[in-house]
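The structure appears below as structure tokens.
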Amino acid sequence: MTALWIYLSLTLLVAAWLGLAMWRRLDQFDWHYRRGDIWIGFCMGMLLWPVLLILKPSLILRGGAIRNDQPQALDFASTNAAQRRRVHQLIENPPPCGVQVSYDFPNSKDSTQPVAMIFNAADVQNHFKGDSLPMFWEDEQMAIVKYITGRDDTLPGPTPVPDAIDFEKMATQLIDAGIGSVRCLACKVFYNAGELSLSTPELHPGWNFAEYSCPAGHSLLSRRHIHVYTRRPSAH
């Protein structure tokens, strides 16, 4: 009976310790995106604390059971929480933005190396002024607006668009409008967007990609153009 009371007392102590870790270490993004995982971790830690203290003490002693500081690729809840936290920090404290901004476009057709793009920050602001931005997350829209409008035109050289902001669709819309410049990996020079050729192959089921080429005919990059759905033949 004494052993049971000791176990229950220690369990309450572990629960209090994890509760303190939840209060001190979790923020609004954890609670919004990871609420279920947090409570599962809390319950597992409270029930299995003797085993966890032997196999992985950090899950209890450092609150690892309820906080995921290094989310894996498939841990969508933790990844979302970390991403939204990063974007919120950009809104609160945007990095320096100069007269030009650079962006590494990820969808290169002939190479795994990203394609470098450069835009005048004022052109970015003027092109999208008064329009809704092509971004899924509202906080990323706020972050890019704070970044661009807070620019310092005395800063030399292009400043990179923060990685936490999904700038890909904005970049393609700017290039489509003839704004900015793109570096050809083969020519090793930047071409103005107006010099590029845009081709759209014959449509086929699934995603169809529009392709940009430089004046020398080198394929620069491709982007999603249109998705074609096909109706399955009905069974008779």
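A few comments on the model shown:
- Selection from the range 1-35 of residues that are of a type in the set (Phe, Trp, Tyr), surrounded by fewer than 11 Cβ atoms within 10 Å (Cβ to Cβ) and closer than 18 Å to residue 47 by Cβ: 5
- Test for residue 127: is it surrounded by fewer than 18 Cβ atoms within 10 Å (Cβ to Cβ) and modelled with pLDDT of 90 or more: yes
- Residues in the range 34-64 that are over 15 Å from residue 13 (Cα atoms) and either at pLDDT below 75 or in contact with a Lys or Arg (Cβ under 6 Å, 6 or more places away or on another chain) (or both): 64 alone.
- Restricting attention to the range 8-28, the residues that are free of Cβ contacts under 8 Å to residues at least 24 places away in the same chain and of a type in the set (Phe, Trp, Tyr) add up to 1.
- Positions within the range 165-192 being among the small types (Gly, Ala, Ser) and surrounded by fewer than 18 Cβ atoms within 10 Å (Cβ to Cβ), in sequence order: 177, 178, 186
- Test set (1) crowded, with 19+ Cβ neighbours inside 10 Å; (2) touching an Asp or Glu at 6+ places or on another chain (Cβ under 9 Å); (3) of a type outside the set (Val, Ile, Thr); (4) under 18 Å from residue 217 (Cα atoms) - residue 196 fails condition number: (2)
- Selection count, the range 164-183, where residues are of a type outside the set (A, V, I, L, M, F, W, C), part of a loop (DSSP other than H, G, I, E, B) and under 11 Å from residue 124 (Cα atoms): 1
Conditions tested, residue by residue: (1) at pLDDT below 90; (2) in contact with a Ser or Thr (Cβ under 6 Å, 6 or more places away or on another chain).
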{"position": "146", "(1), (2)": "no, no"}
{"position": "158", "(1), (2)": "no, yes"}
{"position": "170", "(1), (2)": "no, no"}
{"position": "179", "(1), (2)": "no, no"}
{"position": "186", "(1), (2)": "yes, no"}
{"position": "197", "(1), (2)": "yes, yes"}
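- Scan of the range 36-49 for residues that are surrounded by 13 or more Cβ atoms within 10 Å (Cβ to Cβ) and not aliphatic (A, V, I, L, M), ordered by number: 37, 41, 42, 43, 45, 49
- The residues of the range 128-147 that are within 20 Å of residue 176 (Cα to Cα) and either β-branched (Val, Ile, Thr) or in contact with a helix residue (DSSP H, G or I) (Cβ under 6 Å, 6 or more places away or on another chain) (or both), listed by number, are 133, 134, 135, 144.
The values are calculated or read from the model by the stated rules, or taken from the named source; none is laboratory data. Computed from a predicted model, the values in this text were never measured in an experiment. So basically every Cβ, Gly included, is an ideal-geometry build from the backbone, and we count neighbours across all protein chains shown.
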